[in-house]
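Report on the structure given below.
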Amino acid sequence: MNKQSSSKASVLGLRHVALASALCCAGLAQAQVPAPGVTLYGLADVGITSVSGLRNGTVTQVASGIMEGSRWGIKGNEDLGGGYKAIFTLEARVELDTGANSNRPITGTQLSDRFSQATLLGLPSDAALGLPLGTVQGTVSKVDLALANEYGVNVGATGNRAFDRQAFVGLITPVGAVLAGRQYTPAYETFGTYDIMATQSALSAGQIVQFPAVFEIRTSNALSYRIVKDGISGSLMYAPGEVAGDSGAGRLLGINVGYTTNAFSVGLGYNTKNNELGDKSLTSTVLGASMNMGSSKLSGLVTTIKDDNPNGFSTISNLIAPTGSPAPVVAFGNLVESKFIDAFKQDGTLFHIGYRNVTGPHTISVAYNKYDDKRPANADLKSYGAAYTYALSKRTDLNAVLVRFDNSANAQVAPGGNGYLGGVTASAGTDSTGLALGIRHRF
């Protein structure tokens, strides 16, 4: 049956893609309260990166967001008395290399082979379908182009948002805080807490699961409740998809809990989101723990990912066979749609262990990450490396990151940074090494 939607752009509404970026962004929303008033704040992070294993060989470029995504924001609070305070945050991303508020992966519109080659998608040949030579691959390329338009940070049908990072207002009460607006999701906050890199740099565990991403990093139209008391913390989030005529379409539910002492911390986070048809889609569960040892810290996490109904694919058939198309064309469109849906389903486990040592102005971090892909594609991969930070002051530091991505026969991921996606290597199974040198300043 030919499925339709109000917008072709929703075909490819892979909003969560933008940030594998990565899984790749820091500055998790916290209900912390500064002195009363309004504060202008931000972070500027830029450097030089060199990434090997790409179609053009080793690519060297200036990039924004080596350790953290560059941003500026306004936040404020008002003491209402009786233990109540009103707060707000408006936070926008900015690309220091271009001045824009969005970016594309290093490799541009290129997608992994298993998403862009008709045979790897499991589609029959032109001859088997009785179609002119090149029709099947040409159709796949057409869909890929639409997908690629959604691949990046703050791009696509919902891109170019002025305050894409955060935009919320809230009320802090004696029994917790209630926030409303665009916020980080509970599972991602847990992930960021137990990633030794706190999602910073290409060494973060989230970098190896860029596309399709394994988390909803942020979500719009969200209501959340947060509480922190005696070392116990928790949050609950509900975000209706706000799709006309279907209250379940696009809906997200999330929860996290944690317990922290001076010596150790443990936490659990969970997100589940429906796709545009109201079917259960991306579901992520994170279990993490860390141990403090004076100037050192050991941290680890396990994340399970499941998605049997990927978001944004229900209009692929209509993109190929618009309303009124002959029955054979509609059948072909439905076939292509089903193969893309199968390709973007997710079932896997992400593992991370990391160690960090701080000595005076020197911070050294090492980490090992592995993704066990249980899909037929079996696109397993792992990354490992080290990051070094030298603090010039409390607000300014120099950073160096060296990371290696080992791709299995069907994996094809290249290192990026916290503020941008690396993209894909030259071909499936090609490994990649990333070296980044940068400066970060907070204001």
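Scanning region 128-150 for residues that are among the aliphatic types (A, V, I, L, M), in contact with a helix residue (DSSP H, G or I) (Cβ under 8 Å, 6 or more places away or on another chain), closer than 16 Å to residue 337 by Cα and open to solvent by 30 Å² or more (accessible area, probe 1.4 Å) yields a count of 1. Out of the residues in region 268-277 that are open to solvent by 10 Å² or more (accessible area, probe 1.4 Å), modelled with pLDDT of 95 or more and not aromatic (Phe, Trp, Tyr), state the one that is nearest to residue 312 (Cα to Cα). That would be 274. Of all the numbered requirements in (1) under 27 Å from residue 351 (Cα atoms); (2) crowded, with 21+ Cβ neighbours inside 10 Å; (3) among the charged types (D, E, K, R), residue 182 misses one, and that requirement is (1). Among the residues of region 351-387, those identified as part of a loop (DSSP other than H, G, I, E, B) and either surrounded by 20 or more Cβ atoms within 10 Å (Cβ to Cβ) or touching a residue at least 40 places away in the same chain (Cβ under 8 Å) (or both) are 377, 379. Checking the structure you have, find out if any residue of region 251-258 is in a loop (DSSP other than H, G, I, E, B) and modelled with pLDDT of 95 or more. Yes, that holds for at least one residue.
With respect to residue 325, is the statement that it is of a type in the set (Ser, Thr, Tyr) and open to solvent by 10 Å² or more (accessible area, probe 1.4 Å) true? For residue 325, the condition - of a type in the set (Ser, Thr, Tyr) and open to solvent by 10 Å² or more (accessible area, probe 1.4 Å) - is met. If you take the residues of region 203-234 that are open to solvent by 10 Å² or more (accessible area, probe 1.4 Å) and among the small types (Gly, Ala, Ser), which of them is farthest from residue 110 (Cα to Cα)? Ranking the qualifying residues of region 203-234, first place goes to 231.
When region 235-250 is limited to residues that are outside any strand (DSSP E or B) and open to solvent by 80 Å² or more (accessible area, probe 1.4 Å), the one that is modelled with the highest pLDDT turns out to be 242.
Working carefully through the options 112, 116, 125, find the one that is open to solvent by 40 Å² or more (accessible area, probe 1.4 Å), more than 14 Å from the chain's Cα centre (by Cα) and over 29 Å from residue 288 (Cα atoms).
125
Evaluation of residue 141 against the conditions (1) within 26 Å of the chain's Cα centre (by Cα); (2) at pLDDT 95 or above; (3) outside any helix (DSSP H, G or I) shows that the sole unmet condition is (3).
Do we have residue 319 as open to solvent by 10 Å² or more (accessible area, probe 1.4 Å), assigned to a loop (DSSP other than H, G, I, E, B) and among the hydrophobic types (A, V, I, L, M, F, W, C) here? Steps first, answer last, please.
Working: open to solvent by 10 Å² or more (accessible area, probe 1.4 Å): yes; assigned to a loop (DSSP other than H, G, I, E, B): no; among the hydrophobic types (A, V, I, L, M, F, W, C): yes.
The answer is no for residue 319.
A search for C-beta distances below 8 Å between a residue of region 51-71 that is at positive phi and any residue that is acidic (Asp, Glu), counting only pairs 6+ apart in sequence or on different chains, returns 53/431; 65/45; 65/95.
The values are calculated or read from the model by the stated rules, or taken from the named source; none is laboratory data. All figures in this text were calculated on a predicted structure; none of them were measured in a lab. Positions of Cβ are generated from backbone atoms using ideal geometry, with glycine treated the same way; all protein chains shown enter the neighbour counts. Quick note on the areas: whole protein, heavy atoms, side chains included, nothing else; ligands and nucleic acids left out. Shrake-Rupley method; radii C 1.70, N 1.55, O 1.52, S 1.80 Å.
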